[in-house]
Each structure stands twice: as C-alpha cells, then as structure tokens.
Amino acid sequence: MIAVRQGDTALHVLRPFLKWAGGKTQSLPHYRLLYPKKFKGYHEPFLGSGAVYFHLCQLQMNEELSHVMTRARLTDNNPDLINAYQVVQNFVTDLIQLLQVHREYHSSEYYYEMRGINTSHLTDVERAARMIYLNKTCFNGLYRVNKQGQFNVPLGRYANPHIFDEENLLAVSAVLKQAEIRCESFRRVIDEAKPGDFIYFDPPYYPLNATSNFTSFTVDEFNEFDHRLLADVYRQLDRRGCMVMLCNSSAPFVMNLYEDFKRLRVKAARLINSKSDRRGKIVDLVILNY
C-alpha cells in the first residue's frame, strides 16, 4: 500500500517539490472525477511535477480511493529530473542539509554561480539540491535547457523565494519510497504495463499555434512524430486492457489523433509557462479510453 502517516499527527497534504511548466496542481479537482474507479498498478511516463501521483497518494492516505494502489512506476527522459526524484526518495536528509546552504547563500551572484557549475563533478545529492534551488529561484519556475543541455533560465524576481519545505520533502520522500523511478522514454511503458493498470500521460503539449511551442525540457524536442508515436502507444495499451488518461492541448491535430476515444475539454489554470498564452485560464483536452 502506498501511504504515509507521521506518527499520530494529521496526514500531511502532499505537494510537488518542484515547479514545472504544464504542472497539473490546479487541475486536480477536475481530475479527481476522472480517475478509474479501480486499479492497482499506476504508471506516469511524463513525470514532471508528479502532481497526479501525489494526488492519488493523498486520496489513498485519506481513504478516499475505493481501492488500494499497490504498484507505481514513475518515469521521465529528463535525467536531472529523475535524479532529483531518486535523491528525494533515498537521501532526503542529506538533500535538506544542502538546500539549507543554498537558502542561506542565495543572491543574484550565487544563483549565476550555481547555474554555471559543471554538474559532471557533482554528486547525485549535489545535483538534486542545485536543481531544486535553481527551480525555485529562476524566472517563472521554468526548466529549460539549450542545445548543449545547459540550464539557461535567468534569475527570477523574488524578494524571498521559498526554496524548500522540509515537512513536505519528508512526506513526499515517504510515498516515493513505494514507487519505482526510472529515467527512460515513455515507450517503455509498453514493456511494463499490465492489463487493468492505470497509465497517466502528460506529454509536452502540441502547440495551439506557431508561436506557442515549447518543448525544451530536454535537449531533444518533442515533435509531431513523437505525438504520433505516443498515440500508437496509447492504442497498444488500450488493446491490452489498460486504463489510459492523456492530457494535451485542444489543437485539431490532437483531436484527430484520438478521435476513437472519449475526449473531454477541461478548464485549467497555468501559473508557470514559457509563453504568456499558456498561462492563466486555458482549455486542456483529456483523452480517456474508459
């Protein structure tokens, strides 16, 4: 069972420990009504902020799920992101100590010094602490890399940035200990998912127009070919008897890719994004096969 209790105190409200463009925290009240009624295995191949996984864990902790989620597999092809999750999972105390140092020394000069560090010389814990620090202090909480894979977002305008929440990190670490976390392509879900499993896909969105495209979470961009490949993976999982939920933009291209499945329009709020037309109130497309 994936759950966490902190002694005899009230259950902690789990929150993502990273900001992430396209994160689904604001959409969770809508998604709660769309989750499958029953499943045991859960897969999230585009992990990002992990908001949906943490939400499912929260519902289970509060005994608001009608079943027990016994398996979880969380993956992404961003090695820095996955390293951060694995460190939170296994070395959260060491991570908190380093984050305290970053918080103490935070300044404009310190930010750019940390941004320019050659991460190949850092330990996994140091890399994770650096990523979280930059994520919470950079402009708009945006993760973006250039063609060389170097983080290149400028410093944000925060008077007193909230770099980390120790209580939340400890609670998140506890539920992550029950999950398998891997750095790999979304296509690997085909090798791992079993009939009756629940798969949640939250890929980089297909652009609504030519100026709204943003896929620079990794060096390799997520293009039209990848969206078509993802749709094929979706269909393979459907034929296997898995329950699949996918979120994307409401672009006609996406509507046509999934014309054989249930397509719902869900109003969502975006607080973090590289483009102004993807912030504020937008309409997400949610595709279900159940």
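So here's what we get for this one:
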{"read-out": "Sole residue being assigned by TED's automatic domain parsing to the domain that holds residue 44 and either within 22 Å of residue 186 (Cα to Cα) or in a helix (DSSP H, G or I) (or both), chosen from 134, 65, 59", "value": "59"}
{"read-out": "Conditions (1) in a loop (DSSP other than H, G, I, E, B); (2) modelled with pLDDT of 95 or more: number failed by residue 114", "value": "(1)"}
{"read-out": "Single residue of 19, 24, 37 found to be free of Cβ contacts under 8 Å to residues at least 40 places away in the same chain and of a type in the set (Lys, Arg)", "value": "37"}
{"read-out": "Residue among 163, 117 that is under 23 Å from the mean Cα position of the chain (by Cα), aliphatic (A, V, I, L, M) and surrounded by fewer than 20 Cβ atoms within 10 Å (Cβ to Cβ)", "value": "163"}
{"read-out": "Hits in region 1-23 (condition: of a type in the set (D, E, K, R) and modelled with pLDDT of 90 or more)", "value": "15, 19"}
{"read-out": "Residue pairs meeting the criteria (Cβ under 9 Å; at least 6 apart or on separate chains; first touching a residue at least 12 places away in the same chain (Cβ under 8 Å), in region 224-239; second among the charged types (D, E, K, R) and crowded, with 20+ Cβ neighbours inside 10 Å)", "value": "237/197"}
{"read-out": "Any hit, region 157-177, residues being under 19 Å from residue 71 (Cβ atoms) and part of a loop (DSSP other than H, G, I, E, B)", "value": "yes"}
{"read-out": "Of the criteria (1) in the same structural domain as residue 132 (by TED's automatic domain parsing); (2) acidic (Asp, Glu); (3) surrounded by 15 or more Cβ atoms within 10 Å (Cβ to Cβ), which one residue 109 fails", "value": "(3)"}
{"read-out": "Any hit, region 117-139, residues being free of Cβ contacts under 8 Å to residues at least 12 places away in the same chain and not polar (S, T, N, Q)", "value": "yes"}
{"read-out": "For residue 90: the one exception among (1) more than 18 Å from residue 247 (Cβ to Cβ); (2) polar (S, T, N, Q); (3) in contact with a Pro (Cβ under 9 Å, 6 or more places away or on another chain)", "value": "(3)"}
{"read-out": "Subset of region 231-290 that is modelled with pLDDT under 95 and in a helix (DSSP H, G or I) - its residue that is surrounded by the fewest Cβ atoms within 10 Å (Cβ to Cβ)", "value": "276"}
{"read-out": "Single condition residue 155 does not satisfy, out of (1) in contact with a strand residue (DSSP E or B) (Cβ under 6 Å, 6 or more places away or on another chain); (2) surrounded by 16 or more Cβ atoms within 10 Å (Cβ to Cβ); (3) within 25 Å of residue 119 (Cβ to Cβ); (4) not β-branched (Val, Ile, Thr)", "value": "(1)"}
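The values are calculated or read from the model by the stated rules, or taken from the named source; none is laboratory data. None of the values given here were measured: they were computed from a predicted structure. Every residue, glycine among them, receives a Cβ derived from its backbone with ideal geometry; neighbour counts consider all protein chains shown.
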